[in-house]
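Enquirer: Following this message is one structure expressed as structure tokens.
The values are calculated or read from the model by the stated rules, or taken from the named source; none is laboratory data. Bear in mind that the values here come from a model prediction, so they are computed numbers and not experimental data. Cβ sites come from the backbone with ideal geometry, for glycine too, and all protein chains shown count toward neighbours.
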Amino acid sequence: MSLGVPGAEGAPLLVLDGVTKSFGAVAALRGVRLALHSGEAHALVGENGAGKSTLVKILAGAHAPDSGRMTLDGRPLELRGPADARAAGIAVIYQEPTLFPDLSVAENIFMGRHPLRGLRRIDSRAMNRDAEQLFQRLGVRIDPSRPARGLSIADQQLVEIAKALSFDARVLVMDEPTAALSGVEVERLFGVARSLCERGAAVLFISHRFDEVFDLCQRVTVLRDGAWVSSDSAADLTVDEVVRRMVGRDVSSLYPKQDAPLRDTLLEVRGLSRSGVFSDVSFSVRGGEIVALAGLVGAGRSEVARAVFGVDRYDAGEVRVAGRALPPNSPRRAIAAGMALVPEDRRQQGLVMELSVERNATLARRRALSRLGLLVGGAERAEARIWTRRLQVKAARLAAPVATLSGGNQQKVVLAKWLATEPRILIIDEPTRGIDVGTKAEVHRLLSELAGEGLAILMISSELPEVLGMADRVLVMHEGRVVRELPRAEADETSMMFAATGQGATA
Amino acid sequence: MAHDSLYAAPPSGADTERGAGRLAGLRGALGTWDAAIVAVLLVAVLLASLSVQNFATGRNVQFLLLDLVPLALLALPMTLIVVTGEIDLSVASTVGLSSTLMGQLWLSSGLSLELICVLVVLVGAVLGAVNGVFVTGFGLPSLAVTIGTLALYRGLSFVVLGDQAVADFPAGWTAAAVRAVPGTSIPAVVVPVLLLALAFGVVLHATPVGRALYAMGNNDEAATFAGVSVARTKFWLFVVSGAVGGLAGIFWTLRYASARGDNATGLELTVVTAVLLGGVSIFGGRGGLLGVVAGVLLLGVLRNALQLADVDANALTIVTGTLLIVSVVLPNAVADVRARLHRRRRRAQPSVS
Amino acid sequence: MSLTDTGAPARADGDPPPGPGRPRRTLTERLLAVRELGLLLALGALILVTTLRNDRFLSAQSIKDLLLGCAILVILAVGQTLVIVTRNVDLSVGSILGLVAFATGDLFLAAPGTPWPVALLLGVGLGAVCGVINGGLIAVAKVPALVITLGTLYAFRGVDYYWAAGRQINAADMPRSFLRLGNQTVLGVPVLFLVALVVVAAVGCYLRCYRSGRELYAIGSEPAAARLSGIPVGRRVLAVFVANGALAGLAGVLYAARFGTLDAAAGSGLELQVVAAAVVGGVAIFGGSGSAYGAALGAVLLTTIGSSLAVLRIDPFWQQAVVGALILAAIGLDRLLALRTAARLRGRSLHGA
């Protein structure tokens, strides 16, 4: 069967054809195809929410596709569970490591495949020795006998890689493994991936970093909104072309922020520190201004936002709202002072998925809406109606669980919830993660409008175009510190990446 | 950089599927759970009246309701606690300790019974606060903590009175506990219990606190982000649970005119059963007070009718246990079947077209 | 946090040497060893104090009584460890024990000539069937084991009462050879205790040295990750409940052999002591850590506390309160240790950066 993939030499090792998967009303994958060749590294790119992680889960055997076919070596492949995937020689490294915190590093690597001695007992000495050898191959030193709990994310990722190495995978799937790794560690990882390729394995590499994609991979498949867009040889592609295919239009058409007159300082953070997480973070945001907090995942951006809002405690420093000190550790006080936080993880932190749209939209205003302590007479519905209309939330019924909405509309409900509190300061963490392009532009326009109305906006974003398009000032964080402050005019991709990776700037 | 949170729940696929299944259940079977349990209750009452001798007599109704008072009382705060995703297994031991304290104080302190009652409720609140501190202050699982205090409080109640019983409470008080509303066979004590149920119902269903309870039961992180003080709210729920346990202890003592260390032993299981039977999800975040009240009544009617039909009281535990299991297995089984049918239909469609 | 960047090689050095010249041991192993050592010390201190007050506490007879007394609890605690390690709990063990004990007695009543090994096998089999019911229901309902086993706690006990119908079985109804099993000693050590030792050794070795045993820890440590690593979670959990049921069945047969007098209430409330023994023995209630040896030590400690209270002339009513307090202390201590370990590990990875 021909998939029309250019540059394919010989029969592919692993083929996906017409794979479809939906979760409830949401179609995550629609007829996706993919062909991996042995000895080749293949990149899978797409925006957040394009369906990459779902595809990974299908390859891992964690999700069964609703329809579509998979073949390995030309033979039909049916994965009834992760064990089948393993048996077929498919190893997956997830973006979030999946370790057992209570067990030792070596056991994490060899779980279910422990080396044995007499009477089928586990040979822990051999196990530790083998783990040690794997780490030597990776060129790192991690004590195989320590528990996995407490390992840094980079170390956890290395343990995952060692695990994949340990069973000589024929197909290695890496789902954004480099997000938390430094340059040295990435190089080491790529070395391992290349040597696996040389030994005939196929690598599927998922990343947002195009330099890495073009560095490692020979071919690139683009997904958009759960659908296959293209598969091409990397040599025939440019970064701009890939981005155009991912987004479906030119990047420059993202909505830029309109200039707004700057007003008084509304949010001031001084010397904020939390042991082991971030230290000595200071900045201020004025009304009408959008300040972006940039940096790599794990640099401590979201943690700062959570501490400012009072969800997490902090050890030292102070937060002032419009000149008044905000007591720590109390989201309720923060809300009362006019602060709102749209968190990064919509499902976990932003919404109560099983509650209705109206309950979610008014959750932060439940006290203000009550009369004599009672919530009666459809006060919530009326309030919810106002804000869902203003934000054009598309929901069948306001009483429907918010889980039935699409990602973009869910994000709008989160925004509605917080705008309903009429905040003076809006902290927004990854405002457009996992939502479609149209809604993205809407959110950007909304943020710009809000700034125009005099709100102080602190935006955390991992998407450079968004940061560059929206922010008046950019603060770059690295390893828990603000290492660079760039005004709009000086901010560009290079200067930000340099600062974010800890190069060129000193803390 | 990070997850595609839109589609795949990060931890595991199975969770997503179960979430979807639960959702289907929410819209289908469980949306009408309240109605179903009320219907079952009515059918049970009807059947019992027709087929069991002496069931539909004023005297039996009086006893049935009196027997249910402690269960009904304890089920109220338990509903709120389970809605937040926690559990309090120490309630029956709190009843026992309250009862023996009341007996010991009456026996030896010389205080007036009014004052003793107030003290007992306060002590109950303190016992609840101990649970609350362990659960919210130290961040321990409420299941483990309240299993511990279940043993601790029951043990203390034996320490207070040993294996003796205090029975010489004033006849006026013990008679008042079982007195009926004049002209009916309904015990007067039912009235305050109903008022209390109404109060709990209003708090749960029509106040900001109630909204917060559901929110934290479904997702305490999102609730925290929305300005809900999760720990503080849970702490006070445990305090309320303890205080209500004290009240139930006073009633139990007066009703049976006996303060004993083993009063209400094992009642916690019946309370949990009633709450789950009433449609409250053990995972938290779902269920209502009407269903729980119906669940309490259903349990009472079944046990009473079977007892009248000469079934051994101890063997009745089969009924309680089976009801508990059915009430948790059924919704899931229904949701599973629905999901399977739905999938089959969807799979069938393309081949037809 | 990815607070590690340039210092990749240096980071691994962050692991502090576990002490000059000493062999390296896992941190987890060290913590566990500390826990088991602590238990032994507590046990030793308890015995010392009690013996100082009354030197008969260390007499051969008293030691034999102690070993005899703890054997059944040890077996149940070890079985419970299997369950708790997978982040589940089985509250129905007391009821299974009671049911099997009565069934064993009834078997001898019905077929007096039954050789005791057959009775033993049948008892273990009946326990395993109860375990299958538990595990099967949990798999179907997808609700916490707590709820299901709470239900079967009732249900099995109800069946027991229904079966017994008020009868009592006496030692005279059982063959002498069977009763000897309960009281005989080998070199002064009760057979019962030897059986318990075998169970401890077998389960302890299984959990430590076998792949499927380690997978149980994986399931309890991070269920989602366990599923992703291809561990058959459902099958393992079912197996664990069956094994625990079988061990409870074994305990039931031994109970019958030891006490001779049986009614339907045998083993009531035992589940609390079992959970307490496991938790005190360092089995984390949220799964993923703990050992059979620790749980066994916990059971021995609890039994010893019971008998030393008697020797110390402390009101025996304190025993249950002590059990409760121990549960609270144990989970509180675990929490504290976990927090401190976490803080240390966090500090360590920071230093490495």
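Enquirer: Taking the options A:Ala299, A:Ala305, name whichever one is touching a His at 6+ places or on another chain (Cβ under 7 Å), crowded, with 22+ Cβ neighbours inside 10 Å and at negative phi. Can you show your working first?
Expert: Details: A:Ala305 fails: touching a His at 6+ places or on another chain (Cβ under 7 Å).
Result: A:Ala299 is the single residue among A:Ala299, A:Ala305 that is touching a His at 6+ places or on another chain (Cβ under 7 Å), crowded, with 22+ Cβ neighbours inside 10 Å and at negative phi.
Enquirer: Turning to a different aspect of this structure: What about C:Arg335, is it surrounded by fewer than 22 Cβ atoms within 10 Å (Cβ to Cβ), among the charged types (D, E, K, R) and within 27 Å of C:Phe193 (Cβ to Cβ)?
Expert: Spelling it out, it is not the case that C:Arg335 is surrounded by fewer than 22 Cβ atoms within 10 Å (Cβ to Cβ), among the charged types (D, E, K, R) and within 27 Å of C:Phe193 (Cβ to Cβ).
Enquirer: Residues being more than 25 Å from A:Leu158 (Cβ to Cβ) and not in a loop (DSSP other than H, G, I, E, B): count how many of those fall in segment A:80-92. Lay out the reasoning, then the answer.
Expert: Filtering segment A:80-92 for residues more than 25 Å from A:Leu158 (Cβ to Cβ) gives A:80-81, A:84.
This time we only want the ones that are not in a loop (DSSP other than H, G, I, E, B), so: A:84.
Number satisfying all stated conditions: 1.
Enquirer: Can I ask one more? Kindly evaluate B:Val280 against the criterion of being over 30 Å from C:Phe317 (Cα atoms), in contact with a Ser or Thr (Cβ under 9 Å, 6 or more places away or on another chain) and not acidic (Asp, Glu). Break it down into steps so the answer makes sense when it comes.
Expert: Working: over 30 Å from C:Phe317 (Cα atoms): yes; in contact with a Ser or Thr (Cβ under 9 Å, 6 or more places away or on another chain): yes; not acidic (Asp, Glu): yes.
Spelling it out, B:Val280 is indeed over 30 Å from C:Phe317 (Cα atoms), in contact with a Ser or Thr (Cβ under 9 Å, 6 or more places away or on another chain) and not acidic (Asp, Glu).
Enquirer: Then there's this: Give, as residue ranges, the helices (runs of 4 or more DSSP H) completely inside segment B:104-198 that count at least 2 residues that are more than 14 Å from chain C (Cβ to nearest Cβ) and out of contact with any strand residue (DSSP E or B) (no Cβ under 9 Å at 6 or more places or on another chain).
Expert: Numbers: elements: B:113-132, B:142-161, B:171-178.
Passing ranges, in order: B:113-132, B:171-178.
Enquirer: Output the number of residues of segment C:223-250 satisfying the condition of being touching an Asp or Glu at 6+ places or on another chain (Cβ under 8 Å) and either within 8 Å of another protein chain (Cβ to nearest Cβ) or surrounded by fewer than 24 Cβ atoms within 10 Å (Cβ to Cβ) (or both).
Expert: Number of matching residues: 5.
Enquirer: Quick one: C:Thr28 ticks every box in (1) surrounded by fewer than 20 Cβ atoms within 10 Å (Cβ to Cβ); (2) in contact with an Asp or Glu (Cβ under 8 Å, 6 or more places away or on another chain); (3) modelled with pLDDT of 50 or more except a single one, so which number is it?
Expert: Here C:Thr28 clears every test but (1).
Condition check ((1) within 22 Å of A:Val308 (Cα to Cα); (2) more than 22 Å from the chain's Cα centre (by Cα)) across all residues:
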{"site": "A:Arg371", "(1), (2)": "no, yes"}
{"site": "A:Arg381", "(1), (2)": "no, yes"}
{"site": "A:Trp387", "(1), (2)": "no, yes"}
{"site": "A:Gln392", "(1), (2)": "no, yes"}
{"site": "A:Ala403", "(1), (2)": "no, no"}
{"site": "A:Glu422", "(1), (2)": "yes, yes"}
{"site": "A:Ile428", "(1), (2)": "yes, no"}
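Let's see how each residue does on (1) within 11 Å of chain C (Cβ to nearest Cβ); (2) more than 29 Å from A:Arg209 (Cβ to Cβ); (3) modelled with pLDDT of 90 or more:
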{"residue": "A:Ala41", "(1), (2), (3)": "no, no, yes"}
{"residue": "A:Gly46", "(1), (2), (3)": "no, no, no"}
{"residue": "A:Ala83", "(1), (2), (3)": "yes, yes, no"}
{"residue": "A:Ser104", "(1), (2), (3)": "yes, yes, yes"}
{"residue": "A:Arg113", "(1), (2), (3)": "yes, yes, no"}
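Enquirer: Look through segment A:351-361, keep the residues that are closer than 11 Å to B:Ala212 by Cα and assigned to a helix (DSSP H, G or I), and return whichever of them is nearest to the other protein chains (Cβ to nearest Cβ).
Expert: A:Arg359
Enquirer: Please tell me if A:Gly454 is outside any helix (DSSP H, G or I), out of contact with any Pro (no Cβ under 8 Å at 6 or more places or on another chain) and modelled with pLDDT of 85 or more.
Expert: Working: outside any helix (DSSP H, G or I): yes; out of contact with any Pro (no Cβ under 8 Å at 6 or more places or on another chain): yes; modelled with pLDDT of 85 or more: yes.
Yes; evaluated as a whole, the condition is true for this residue.
Enquirer: Counting just the residues of segment A:117-135 that are closer than 11 Å to C:Tyr210 by Cα and touching a Leu at 6+ places or on another chain (Cβ under 9 Å), which one comes out surrounded by the fewest Cβ atoms within 10 Å (Cβ to Cβ)?
Expert: Top of the filtered list is A:Asp123.
Enquirer: Here is a list: A:Ala395, A:Ala451. Which entry is more than 27 Å from A:Arg333 (Cβ to Cβ) and either buried (at least 22 other Cβ atoms within 10 Å of the Cβ) or touching a residue at least 12 places away in the same chain (Cβ under 8 Å) (or both)? Step through it out loud before you land on a result.
Expert: Working: A:Ala451 fails: more than 27 Å from A:Arg333 (Cβ to Cβ).
When all the criteria are applied, what remains is A:Ala395.
Enquirer: Does A:Ala294 meet the test of being more than 10 Å from every other protein chain (Cβ to nearest Cβ), crowded, with 24+ Cβ neighbours inside 10 Å and either assigned to a strand (DSSP E or B) or not basic (Lys, Arg) (or both)? Outline the logic, then answer.
Expert: Numbers: more than 10 Å from every other protein chain (Cβ to nearest Cβ): yes; crowded, with 24+ Cβ neighbours inside 10 Å: yes; either assigned to a strand (DSSP E or B) or not basic (Lys, Arg) (or both): yes.
Yes.
Enquirer: So for segment C:98-106 (the condition being of a type in the set (S, T, N, Q) and in contact with a Phe, Trp or Tyr (Cβ under 7 Å, 6 or more places away or on another chain)), does at least one residue qualify?
Expert: If we filter segment C:98-106 for residues that are of a type in the set (S, T, N, Q), which is where we start, we get C:104.
Checking which are in contact with a Phe, Trp or Tyr (Cβ under 7 Å, 6 or more places away or on another chain) leaves us with none.
There is no residue in segment C:98-106 that is of a type in the set (S, T, N, Q) and in contact with a Phe, Trp or Tyr (Cβ under 7 Å, 6 or more places away or on another chain).
Enquirer: Right, another one. Just a yes or no: is a residue in segment C:152-160 more than 11 Å from chain B (Cβ to nearest Cβ) and crowded, with 17+ Cβ neighbours inside 10 Å?
Expert: Going residue by residue through segment C:152-160, those that are more than 11 Å from chain B (Cβ to nearest Cβ) are none.
No, that holds for no residue.
Enquirer: Here is a follow-up. Is it true that some residue in segment A:349-356 is buried (at least 19 other Cβ atoms within 10 Å of the Cβ) and free of Cβ contacts under 8 Å to residues at least 12 places away in the same chain?
Expert: Our first condition is that a residue be buried (at least 19 other Cβ atoms within 10 Å of the Cβ); within segment A:349-356, this holds for A:349-356.
Retained after the next criterion (residues that are free of Cβ contacts under 8 Å to residues at least 12 places away in the same chain): A:349.
Yes, that holds for at least one residue.
Enquirer: Tally up the residues in segment A:93-102 that are under 17 Å from the mean Cα position of the chain (by Cα) and either in a strand (DSSP E or B) or facing chain C (nearest Cβ under 7 Å) (or both), please.
Expert: In the first step, residues of segment A:93-102 are kept if they are under 17 Å from the mean Cα position of the chain (by Cα); the result is A:93-98.
Still in the running and either in a strand (DSSP E or B) or facing chain C (nearest Cβ under 7 Å) (or both): A:93, A:98.
Total meeting the criteria: 2.
Enquirer: Across segment A:136-157, which residue is surrounded by the fewest Cβ atoms within 10 Å (Cβ to Cβ) among those that are modelled with pLDDT of 80 or more and more than 27 Å from the chain's Cα centre (by Cα)?
Expert: Applying the filter and picking the extreme gives A:Gln136.
Enquirer: Also, quick follow-up: State the number of residues belonging to segment C:134-162 that are touching a residue at least 60 places away in the same chain (Cβ under 8 Å) and not small (Gly, Ala, Ser).
Expert: 10
Enquirer: I'd like to know if segment C:230-242 contains one or more residues that are among the small types (Gly, Ala, Ser), touching a residue at least 24 places away in the same chain (Cβ under 8 Å) and in contact with a Phe, Trp or Tyr (Cβ under 9 Å, 6 or more places away or on another chain). Working first, answer last.
Expert: To start, the set of residues in segment C:230-242 that are among the small types (Gly, Ala, Ser) comprises C:230, C:234, C:239.
Pick out the ones that are also touching a residue at least 24 places away in the same chain (Cβ under 8 Å) and you get C:234, C:239.
Keeping just the survivors that are in contact with a Phe, Trp or Tyr (Cβ under 9 Å, 6 or more places away or on another chain) gives none.
No - not one qualifying residue is present in segment C:230-242.
Enquirer: For segment B:221-231, how many residues are within 12 Å of B:Thr84 (Cβ to Cβ) and in a helix (DSSP H, G or I)?
Expert: 3
Enquirer: For segment C:157-194, which residues satisfy the criterion of being within 18 Å of C:Val100 (Cα to Cα) and outside any helix (DSSP H, G or I)?
Expert: Of everything in segment C:157-194, those that are within 18 Å of C:Val100 (Cα to Cα) and outside any helix (DSSP H, G or I) turn out to be C:Ala165, C:Gly166, C:Arg167, C:Gln168, C:Ile169, C:Asn170, C:Met174, C:Pro175.
Enquirer: Being among the β-branched types (Val, Ile, Thr), within 11 Å of chain B (Cβ to nearest Cβ) and not in a helix (DSSP H, G or I) is the filter here, so list the residues in segment A:391-426 that pass it. Can you show your working first?
Expert: Initial filter on segment A:391-426 (among the β-branched types (Val, Ile, Thr)): A:393, A:402, A:404, A:413-414, A:421, A:425.
Now narrow it down to the ones that are within 11 Å of chain B (Cβ to nearest Cβ): A:402, A:404, A:414, A:421.
Residue satisfying the conditions is A:Thr421 alone.
Enquirer: Sort through B:Thr270, B:Thr322, B:Thr253 and tell me the only one that's of a type in the set (S, T, N, Q), part of a helix (DSSP H, G or I) and more than 12 Å from every other protein chain (Cβ to nearest Cβ). Full working, then the answer.
Expert: Numbers: B:Thr270 fails: more than 12 Å from every other protein chain (Cβ to nearest Cβ); B:Thr322 fails: more than 12 Å from every other protein chain (Cβ to nearest Cβ).
Only one candidate qualifies: B:Thr253.
Enquirer: Do we have C:Gly123 as part of a helix (DSSP H, G or I) and buried (at least 18 other Cβ atoms within 10 Å of the Cβ) here? Full working, then the answer.
Expert: Working: part of a helix (DSSP H, G or I): yes; buried (at least 18 other Cβ atoms within 10 Å of the Cβ): yes.
Answer is yes for this residue.
Enquirer: Taking A:Ala131 as meeting all but one of (1) among the hydrophobic types (A, V, I, L, M, F, W, C); (2) within 24 Å of A:Gly276 (Cα to Cα); (3) without any contact (Cβ under 8 Å) to a residue 40 or more places away in the chain, write down the number of the exception.
Expert: (2)
Enquirer: While we're looking at this one, here's another question. Out of all the residues in segment A:397-408, is one or more within 22 Å of A:His444 (Cα to Cα) and among the basic types (Lys, Arg)?
Expert: No, segment A:397-408 has no match at all.
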